[in-house]
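Notes follow once the structure below has been shown.
Just so you know, all these numbers are worked out from the coordinates, no wet-lab data involved. Bear in mind the structure is a predicted one, so any value in this text is a computation, not a measurement. Here the Cβ positions follow ideal geometry from the backbone for every residue, glycine too, while neighbour counts run over all protein chains shown.
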Amino acid sequence: MLINIAVLVSGGGTNLQALIDAENAGIIKSGKIKLVVSNNQNAYALERAKKADIKTAVCLKKELGDKFEDTIISVLEENDIDVIVLAGFMSILSENFTKKYAKRIINVHPSLIPSFCGKGFYGLKVHEEALKYGVKVTGATVHFVNEVPDGGEIIMQKAVEILDGDTPEVLQKRVMEQAEWIILPRSVEKVCAFYKGEN
Ligand code: GAR
C-alpha cells in the first residue's frame, strides 16, 4: 500500500510542483500525493494541484480562529493521510498538532539549519539575512517538524554557493533549483519508504 501524502502550502507552490513532478518521474514511489491544503485561497499552489488532479482544501485562520488546526487535522483524517509535507506553509503548527504527527511532518527550509532559521525566518527574509551577514555558502534543509520552529531532526541538507552581486530574489531561485527541489522529493521518498516498510 502506498503512503498517503498531504502537502500544506501558502504560496507559489514550486516545491509542491517538484513533488508532483517527482511522483510522475518515479522518484517518489512509496507514497502518493492525495491532498493539498492551503491557508491562502489565492495561493498559486492550488492551481498546480488542480492541474495535477489532486484534491484541495482551503483552511483560513481568519475564518476558523481557534479551530484552524483542528479543521486541518479533520481534513487530514478524512483523507487517511500518513505523511504531511510543509512546502512553503507559512504558519507555525502548535505542539498539539506536531505531537499528533510526530516524525510524520516534513518541512523544507531555505538555509542550512541552524543558520538563519526559527521564528521570523521564512521565505525571502532568510536570504536577505544570509546576504546581510555575508556568508559565502547557504543551502536548504529538510527536517522533521516538532514543537521547536525549525528544530526537528534533519533529514537532508544541500549547500549552495553565494555569488557576488546576489540579490535575495536571485539567491532564493538558486537555492530552490540547486537544493530544495532536489532534496525535498528525495526526503519525502525516504520517509514514505520507511513507513511503507513498516506496514
Ligand atoms: C521556499 O523557499 C521554502 O523553502 C520557504 O518558502 C518558499 C516557498 O516557495 N519556506 C520557508 O521559509 C519555511 N520557513 P514555494 O511556495 O514556491 O514552494
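Partner lysines whose Cα lies under 28 Å from the Cα of residue 61, excluding those fewer than 8 positions away in the same chain, are identified as 32, 34, 50, 51, 99, 100, 103, 119, 125. Here the average projected area of the convex hull drawn through the C-alpha atoms of region 89-143 stands at 3.9 nm². How many angstrom separate the Cα center of region 128-190 from the Cα center of region 13-69? Measuring centre to centre over Cα atoms gives 21 Å. By the count of neighbouring beta-carbon atoms within 10 Å, fewest first, 160, 191, 142, 7 end up ordered 160, 191, 142, 7. With the simple spin-label model, which puts each label point 7 Å out from Cα in the Cβ direction, the residue 41 to residue 92 separation comes to 2.8 nm.
Per residue, the Cα convex hull of the chain amounts to 113 Å³.
Computed over neighbours whose Cβ is under 14 Å from that of residue 68, the net charge equals -1, Lys and Arg +1, Asp and Glu -1.
Relative contact order of the chain: what whole-number percent is it, with Cα pairs under 8 angstrom and at least 6 residues apart? Display every interim value, and only then the final one.
Values: 381 pairs, mean separation 45.4, N = 199.
Relative CO of the chain lands at 23 percent.
Helix content alone sets the calculated 222 nm mean residue ellipticity of the chain: runs of n ≥ 4 DSSP H residues at -39500 (n - 2.57) each, divided across all residues, give -11000 deg cm²/dmol. Subtracting the Cα-Cα distance of residue 196 and residue 58 from their residue separation scaled by 0.36 nm leaves 46.9 nm.
Candidates 1, 194, 182 compared by Cα position along the dipole of the chain: farthest toward the positive end lies 1, with charges placed on Cβ. Each residue of region 55-62 is assigned a 3J(HN,Hα), and the resulting list reads 4, 10, 9, 10, 10, 9, 4, 5 Hz, derived from the Karplus form 6.51 cos²θ - 1.76 cosθ + 1.60 (θ = phi - 60°), x at Gly and Pro.
Rg/Rh for region 98-191 stands at 0.98; both radii use Cα atoms, and Rh follows the Kirkwood definition.
If we count trypsin sites (Lys or Arg not before Pro) as exposed when they sit in a DSSP loop and have at most 12 other beta carbons within 10 Å, what is the longest stretch of the chain that avoids them all? Please list the in-between numbers first.
Values: sites that count: 119, 136.
With a cap of 12 other Cβ atoms within 10 Å, the longest stretch comes to 1-118.
Debye-formula intensities of region 5-77, expressed as log10 I(q)/I(0) at q = 0.11, 0.27 Å⁻¹, are -0.27, -1.23 (one equal scatterer per alpha-carbon, no solvent). Geometric descriptor of region 142-199, per residue, is 89 Å³ (volume of the convex hull of the Cα atoms).
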